[in-house]
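Colleague: Let me give you the structure first, and then I'll get to my questions.
What follows is calculated from the coordinates using simple rules that are stated; it is not laboratory data. No experiment lies behind these values; they were computed from the predicted model shown. Using ideal geometry, Cβ is built from the backbone for each residue, glycine included, and neighbour counts are taken over all protein chains shown.
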Amino acid sequence: MILFQLGRQPEIGLAEIEAVYSKKPQQIERRFAMLNIDKDAALADAWRLGSAVKIMTVVDDDFSLDARSATTLSKKIFTGVCGKVTVGLSLYGFHDANKTARQIGAIAKQTLSEMLDISSVRLLLDKSGTLSTATVLHNGLARGNNKKVELNFVKNGDKIIVATTLFVQNIDSYTVRDREKPRRDAHNGMLPPKLAQTIINLAVGASDLSKDAPLNIYDPYCGTGTVLIEAALMRDGDHASPLFKKLIGSDLNPQMIDNTKANLAWADERLHAKTSERTTLFVADATGGKSAPDKQSSSVPSKERASYDANIIATECYLGRPYTTPPSNSELEQNIKTCDIIIGKFLQNISVTLPQGAGLCVAVPCWQVRGKIYHLPCLKSIERYRYNKQLGYGLVYRRPEQIVGRELAVVRKML
């Protein structure tokens, strides 16, 4: 049994896990989910997940906070291990996590010290009772080394689940991908790499294609290329080959195409993304209107260009006007109307080029103003664009103070 620690918005993590592993997870409390798969299956696609902070394997689903249980647990995990060991403890859902962690740690350290083959025990604790991702990562507690282990204690109602860490998100890698790209554009918004991963995974999960169909991903609002970079880094389950055969991007602004080209070249050199032979970029209006031609694509009709055998659409659309203070009702109404027209035209235009069963995840704007959330009207009648809705309202990515959020519309192309 595998335990996932979900991100700040667990409903998005639950949807992504189901999309990637094709099984519905069981939510444990608010920030955790369990899935009945083996360790190898969990790790095969762990690097793809944008909204699962940590992946663990369950070793006890009914642990008791007493010396006998702690001793039994220590022996179960560390029997056969010799030399020096490092043990990290993280507790979730406990009233006094720090105090409880110190109690468990003292028992575990005493038990392990009494085991003949273990020469020394290094115990890692945090005042909060929970180790940070950086601590776990930099101390090698998620590398499958049985001499370096993080034990996670998760309260589940009246029971306690104990799980050892298999994987944590590489925060250093995300920082590089987010901040070190040569071309960034704060004015047009910057899509976080984690969210780009999630959008891609939800789009793939929404698809219903033949088993032998290669996955070709298209971002019609490619901007600075974040979605394409994350797609380029994804591998299939056994890591033998890229998940996507073709990477396709377009944007109405020629400067964005130049930015994407520069960032993909950087990703090839810095991240070994290998995009050069499978990437097509062109200037185009995603809504189907006229666009400025470029040297690469001016001779190709727009609707043919928009296809290129794409069967996965992952993109962040136009998000409308940014707000730092709540807008007036009339201003908000006009902004919603403008966004609705643009995105409705896009959904209609792209539908013409897509094969049956194509999967889409489109990040569109939603607004929280004076305690009320406003959605795009066009999403309520998505069927008119020949899509089946895979997920309804609820997948909204936003921080508590933000007015404009990103709603993840997950749909499938139908006949």
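Colleague: Based only on other Cβ atoms within 10 Å, what is the fewest-to-most ordering of Thr175, Thr275, Thr224?
Modeller: Thr175, Thr275, Thr224
Colleague: Of all DSSP beta bridges in the chain, what percent run antiparallel (nearest 5)?
Modeller: Working: 43 of 72 bridges.
Percent antiparallel among DSSP bridges in the chain is about 60.
Colleague: In whole angstrom, note down how far apart the Cα centers of region 269-287 and region 107-168 are.
Modeller: That distance is 42 Å.
Colleague: Per residue of region 93-103, in order, report the coupling 6.51 cos²θ - 1.76 cosθ + 1.60 (Karplus, θ = phi - 60°) as ³J(HN,Hα) in whole Hz, putting x for Gly and Pro.
Modeller: Once rounded to whole Hz, the list reads x, 8, 5, 10, 5, 5, 5, 5, 4, 5, 5.
Colleague: Quick check for you: which residues of region 202-226 have the amide N under 17 Å from the point 7 Å beyond the Cα of Lys274 toward its beta carbon?
Modeller: 214-217
Colleague: Right, another one. Using amide H atoms built in the peptide plane, which far-off residues or other-chain residues are under 5 Å from Tyr397 H to H?
Modeller: Here Arg406, Glu407, Leu408 satisfy the definition.
Colleague: What lysines could a cross-link reach from Lys246, if we take a straight Cα to Cα line under 17 Å and drop same-chain neighbours fewer than 8 places away?
Modeller: Lys211, Lys261, Lys274
Colleague: Rounded to the nearest 500, what is the chain's calculated 222 nm mean residue ellipticity when only DSSP H runs of at least 4 contribute -39500 (n - 2.57) each, over all residues?
Modeller: Working: 11 runs with 132 residues, N = 415.
Helix contribution divided over all residues of the chain: -10000 deg cm²/dmol.
Colleague: Specify the residue with the greatest mean-square fluctuation among Leu243, Leu360, Leu49, computed from a Gaussian network of the chain linking alpha-carbon atoms under 10 Å apart.
Modeller: Looking only at Leu243, Leu360, Leu49, the biggest GNM fluctuation is shown by Leu243.
Colleague: OK, next. Provide the convex hull volume over Cα atoms per residue for region 2-169, in Å³.
Modeller: On the way: hull volume 17.7 nm³, N = 168.
In region 2-169, the Cα convex hull volume per residue is 106 Å³.
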